[in-house]
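The values are calculated or read from the model by the stated rules, or taken from the named source; none is laboratory data. Computed from a predicted structure; not experimentally measured. So basically every Cβ, Gly included, is an ideal-geometry build from the backbone, and we count neighbours across all protein chains shown.
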Amino acid sequence: MTEKEAILKRHSVRSYEGKEIEDEKVKLIEAKIDELNLEGNLNFKFVKDAGKTYNKFFNVVSGLGTAPSVIACVGKDTKDLDMRVGYYGEKLVLFLQTLGLNTCWTGTFNKKNIDVNVKDDESLVIAIAVGYGKDQGRARKSKTLEQVTAGKKDMPDWFKEGVEMALLAPTAINQQKFTIKLNDDESVEFIDNGGVLSQVDLGIVKCHFEIGAGKKF
């Protein structure tokens, strides 16, 4: 499964089967996390037993209390931390999809109960629930290309394909508060229009856009 195929197949899943992730897959996940941590200067950690990470009332009602495992998205406090967390976290989410696993980005969880050591100069930005979903989730209502783009009107195909993938990016409460601007020199800007965890969302959007466009920005 390619990353683009994973984008098309993946939807957020909140309810999980009572099945642990196999050891052989855990090894693959941890190896991928090591790779992404090095590339993104991050300190993500896979926690096989989510324990009471999702014991808050909202999490239990939504089904997240059934998630067997969780990924803690941790990194050193820098201005661009949230965006890097989104970008590299989504690369990990898509990798998990290729392993037949389901995921959900979660901004609300019990930080005191997640089994991870966060250093004084680090922040735990967000968590990703992971496991075998009771279903494969469902597509969400999306904005149009015209609603999220700006700049040059004569858009090349690679830009349109990038935006198409970006519109499939998961964002907090499905807000899609971003703009992708195509400049006259065909450089691209990713603009944060505010909202909950908007910089994390922008990192996820950038990841999807690059996969669709077939080039890095």
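Is there any pair with a first residue in region 149-162 that is modelled with pLDDT of 95 or more and a second that is among the acidic types (Asp, Glu) and crowded, with 16+ Cβ neighbours inside 10 Å whose Cβ atoms are under 8 Å apart and which are 6 or more apart or on different chains, and what are they? So the pair list comes out as Gly162/Glu210.
Considering only residues that are under 15 Å from the mean Cα position of the chain (by Cα) and either outside any strand (DSSP E or B) or modelled with pLDDT under 95 (or both), which ones fall in region 54-87? Correct list: Leu81, Asp82, Met83, Arg84, Val85, Gly86, Tyr87.
Does region 83-90 contain any residue that is hydroxyl-bearing (Ser, Thr, Tyr), out of contact with any Gly (no Cβ under 6 Å at 6 or more places or on another chain) and in the same structural domain as Cys104 (by TED's automatic domain parsing)? No - not one qualifying residue is present in region 83-90. Looking only at region 97-111, residues that are out of contact with any strand residue (DSSP E or B) (no Cβ under 7 Å at 6 or more places or on another chain), modelled with pLDDT of 95 or more and of a type in the set (Val, Ile, Thr) come to 1 in all.
Can you list residue pairs whose Cβ atoms sit under 7 Å apart, with the first residue in region 1-22 being without any contact (Cβ under 8 Å) to a residue 60 or more places away in the chain and the second being among the polar types (S, T, N, Q)? Count only pairs 6 or more apart in sequence or on different chains. Cβ pairs passing all conditions: none. The set of residues in region 50-72 being buried (at least 16 other Cβ atoms within 10 Å of the Cβ) and of a type in the set (A, V, I, L, M) consists of Ala50, Leu64, Ala67, Val70, Ile71, Ala72. Just one residue in the set Ser187, Ser123 is under 30 Å from Ser69 (Cβ atoms) and surrounded by fewer than 20 Cβ atoms within 10 Å (Cβ to Cβ); that residue is Ser123.
Are any residues in region 163-179 aliphatic (A, V, I, L, M), under 16 Å from Gly86 (Cα atoms) and modelled with pLDDT of 95 or more, and if so, which ones? Met165, Ala166, Leu167, Leu168, Ala169, listed by residue number. On inspection, Gly151 fails the criterion of being surrounded by 13 or more Cβ atoms within 10 Å (Cβ to Cβ) and under 24 Å from Gly75 (Cα atoms).
Checking each residue of region 16-25 against the condition of being part of a strand (DSSP E or B) and within 19 Å of Val125 (Cβ to Cβ) gives no match. Among residues belonging to region 29-81 that are among the hydrophobic types (A, V, I, L, M, F, W, C) and free of Cβ contacts under 8 Å to residues at least 12 places away in the same chain, point out the one that is farthest from Leu94 (Cα to Cα). Checked region 29-81; the qualifying residue farthest from Leu94 (Cα to Cα) is Phe57.
Let me confirm something: among Phe178, Phe109, which residue is surrounded by 14 or more Cβ atoms within 10 Å (Cβ to Cβ), among the aromatic types (Phe, Trp, Tyr) and over 16 Å from Val13 (Cβ atoms)?
Phe178
Considered as a group, the residues in region 1-15 that are in a loop (DSSP other than H, G, I, E, B) and among the hydrophobic types (A, V, I, L, M, F, W, C) include one that is surrounded by the most Cβ atoms within 10 Å (Cβ to Cβ), and that residue is Val13.
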